[in-house]
Amino acid sequence: MNNSGKNHPIKIHTFPEKSSAVIKVADEIETLIKSRSSKQQKTVLGLATGSSPIALYQELIRRHRNNKLSFQNVITFNLDEYSGLQPDHPESYWHFMHQQLFNHIDIPQENIHIPSGTVATADIASYCQDYEQAIRDAGGLDFQLLGIGRSGHIGFNEPPSDQHTRTRQVTLHPITREDAAPAFNGLDHVPTKAITMGVATVLDAKRIALLAWGQAKAEIIAKTLNQAPSPEVPATYLQTHPNTAFFIDHEAASGLSTPC
Ligand code: F6R
């Protein structure tokens, strides 16, 4: 069955440049935070690492500085972390998030949640259940930010990952490790495992926004939108979510046959 681009509910927003795309996403996040804060409600954000969200984080930092967008009432849960890395490792996602966002905004430290890369093997299952519980205790994810891997992963839900998967330890796909190799100065230094929120964890979010830039993402974006949902391309399960939007540049959209 070919679930063609028109049948899924995913809204596709294409932009000539990522700079204009991130303004739209930042607008949405700012409106959400301000509207919930005005009702004394916290905003629960699911956050991603990697190159895709960097420009968005820069825009949020700019708004924090210029417009006084406050993150005092924001709670964050990151999607994933490499297993085996200490928080201060330069390639850990803990380090990335603090460098790229948290050190520059007024979010209370206790509101930040990033899976740990240093959980003992025997404790991983209960650690992951606790991570899921912490998301539920916070009231669930209001907004989940995603990138997409060339393997079709969201978070580190590598193929095959189905729609029932929850936070757990996974083995990284060879393509994912290959893409990470330059940052780690060689494939041998790239971790083989990670902890990730599951596909079901992501799909529980009230709103999902996926960012993708550049030609290298064109093929996987087309597969994600054109193939029926299957564990072989975990991102295809986003088709089953009622409130997902892709914010992509023209290059990442270049594999789509129908204009969006
Ligand atoms: C990162 C994550 C991954 C990345 C994906 C794309 O927290 O969960 O799914 O979003 O690998 O990475 P970039 O943005 O570097 O192309």
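Taken together, the values in this text are just the output of simple stated rules run on the coordinates, not laboratory data. These figures come from a predicted structure and were not determined experimentally. Counting neighbours? That spans all protein chains shown, and the Cβs are built from the backbone with ideal geometry, glycine included.
Express the relative contact order of the chain as a whole percentage, based on alpha carbon pairs under 8 Å and six or more residues apart in sequence.
Values: 520 pairs, mean separation 69.6, N = 260.
That works out to 27 percent.
How would you rank Glu17, Glu158, going from fewest to most other Cβ atoms within 10 Å of each one's own Cβ? Intermediate values should be presented prior to the final figure.
On the way: Glu17 11, Glu158 22.
The fewest-first ordering by Cβ neighbours comes to Glu17, Glu158.
Determine the dipole magnitude for the chain: charges of +1 sit on the beta-carbon of Lys and Arg, -1 on that of Asp and Glu, nothing else is charged, the reference point is the Cα centre, and the result goes in debye to the nearest 20.
Numbers: 22 positive and 26 negative charges, 181 e Å.
The calculation lands at about 860 debye.
Lys and Arg at +1, Asp and Glu at -1: add these up for the other residues within a Cβ distance under 13 Å of Ala245 and post the number. Intermediate results must be reported in sequence, preceding the final value.
Details: positive: Lys11, Lys24, Lys206, Arg207; negative: Asp27, Glu28.
Residues close to Ala245 contribute a combined charge of +2.
Loop only per DSSP, at most 15 neighbouring Cβ atoms within 10 Å: give me the GluC sites (Glu not before Pro) in the stretch 214-260, ordered by residue number.
Glu232
Only bridges whose two residues both fall in the chain count here: according to DSSP, what percent of them are antiparallel, nearest 5? Numbers along the way, then the final one.
Numbers: 8 of 30 bridges.
Within the chain, antiparallel bridges account for around 25 percent of the total.
Given an 8 Å cut-off on Cα distances and at least 6 residues of separation, report the relative contact order of the stretch 108-185 as a percent.
Values: 37 pairs, mean separation 19.5, N = 78.
In percent, rounded to a whole number, it is 25.
Quick check: net charge around Thr201, other residues with Cβ under 11 Å of its Cβ, Lys/Arg +1 and Asp/Glu -1? Please list the in-between numbers first.
Details: positive: Arg136, Arg166, Arg168; negative: Asp80, Glu132, Asp204.
Combined, the nearby Lys, Arg, Asp and Glu give 0.
Going through the stretch 136-230, which trypsin sites (Lys or Arg not before Pro) have at most 10 other Cβ atoms within 10 Å and a DSSP loop state? Each step should come with its number before you reach the end.
Details: sites: Arg136, Arg150, Arg166, Arg168, Arg177, Lys193, Lys206, Arg207, Lys217, Lys223; in loops: Arg150, Arg166, Lys206, Arg207.
Within the stretch 136-230, no trypsin sites (Lys or Arg not before Pro) qualify (loop, at most 10 other Cβ atoms within 10 Å).
Among Lys39, Lys34, which comes first, then next, by fewest other beta-carbon atoms within 10 Å? Please list the in-between numbers first.
Details: Lys39 6, Lys34 14.
Starting with the residue having the fewest Cβ neighbours, the order is Lys39, Lys34.
Can you list, bin by bin at 10 Å, the percent of alpha carbon pairs in the chain, starting at 0?
So the P(r) values, bin by bin, are 7, 32, 38, 21, 2.
Quick check for me: using +1 on Lys/Arg Cβ and -1 on Asp/Glu Cβ, what's the dipole size of the stretch 1-139 about its Cα centre, in debye to the nearest 20?
On the way: 13 positive and 15 negative charges, 175 e Å.
The calculated dipole for the stretch 1-139 is roughly 840 debye.
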